[in-house]
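Every read-out reported here was derived from the displayed coordinates using simple, explicitly stated rules and does not represent laboratory data. Treat the numbers as computed from the prediction; the structure is a model and nothing was measured. Please note: Cβ atoms are built from the backbone with ideal geometry, for glycine as well, and neighbour counts cover all protein chains shown.
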Amino acid sequence: MPADITAKTALCGIVLHPAGHTRSPRMHNAAYAAMGIDAAYFAFDVMPAALGSAMAGIRAMGLEQVAISLPHKVAVMEHLDEIDERARRIGAVNTVSVRDGRLLGTNTDWIGATRALETRTELAGKHAVVLGAGGAARAVVYGLIEAGATVEVLNRTVERAEDLAKDLGAQGAGPLARISELPHDILINTTSVGLRSDATPVSVQHLRADSVVMDIVYDPEETRLLADARSCGALPIGGKWMLVHQAAEQLRIWTGRDAPINVLEKAFSASAGN
Ligand code: ATR
């Protein structure tokens, strides 16, 4: 947050409901300070019924960019002037930039996932298993396929996994239990299993020592799945890295500059429990 807000200070934010737990204001404001950008970032708690008027307000008041989070990532699409091809394929928008009074939608979740993975492993030619078939899974699967990995989608509700796989071009789909028979280099949990609990979507005997395991659950920072991955010799990647890298991409889209990953990561961890 700039110490001195003036008429020139740019306004950005995140639109979501409920808003209580988002760490995005801390992350983006810390990045603005580090990058010397005169801007302020707020959380806007918008009820679903008010989304259209909120987006009209964002346009009218000249905000520069807003992140879109749950539960608005799909519903926001009907309130935008343009949606890029990637966000269309994923079926969700998490970033809206305002240019010349036009609302332009894109998606940076898939980039967040692939960048977080690419810090630890190559993706081209790798075999990945994605657990879950919701909106987060769609962004992750899209990113993996873009990067040249082959993907199997496993989900509690198999039909959703099949639909997702067909839609995005994943190699296969099945029930969660199929993990026991699937050789893989990369495993990603996109289900909510493990969120503020000690549960895990995969029992430890199905984890592979030579694999990379990413959990998009970030609370707790080390989930049971990641602790099990570490203990069996696999490489764990916490969900915060996906959030950090998708935020960095939002900053890059807005400013044209690389954002400081370490600043975003520190702000994320420092705001735990807020
Ligand atoms: P998001 O858009 O955030 O990904 P979502 O669409 O609600 O959220 O998807 C949540 C995912 O977690 C789904 O894959 C869901 O499985 P179903 O499609 O069978 O509902 C999965 N999930 C949630 N709770 C689960 C549980 N207890 N066990 C296994 N999978 C679970």
Interchain or sequence-distant (5+) residues whose placed amide H lies within less than 5 Å of the amide H of residue 42 are 12, 13, 14
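Starting from the coordinates of the alpha-carbon atoms of the chain, obtain the Kirkwood hydrodynamic radius over all distinct pairs and give the value in Å to one decimal.
Values: mean 1/r = 0.0523 Å⁻¹.
Computed over the chain, the radius equals 19.1 Å.
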On the formula 1/(1 + (r/R0)^6), with r taken between the Cβ atoms of residue 4 and residue 50 and R0 of 35 Å, the FRET efficiency rounded to 0.05 is 0.65
Net charge near residue 64 (other residues with Cβ under 13 Å of its Cβ; Lys, Arg +1; Asp, Glu -1) is +2
Amide H neighbours of residue 83 at under 5 Å, excluding residues fewer than 5 places away on the same chain, with H built from the backbone geometry, are 105
The aspartates and glutamates whose Cα lies under 19 Å from the Cα of residue 166, excluding any fewer than 8 residues away in the same chain, are 85, 146, 152
The set of residues whose placed amide H lies less than 5 Å from the amide H of residue 68, leaving out same-chain residues fewer than 5 positions away, is 15, 95, 96
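Give me the extension gain from residue 210 to residue 156: residue separation times 0.36 nm, minus the current Cα-Cα distance, reported in nm with one decimal.
16.9 nm
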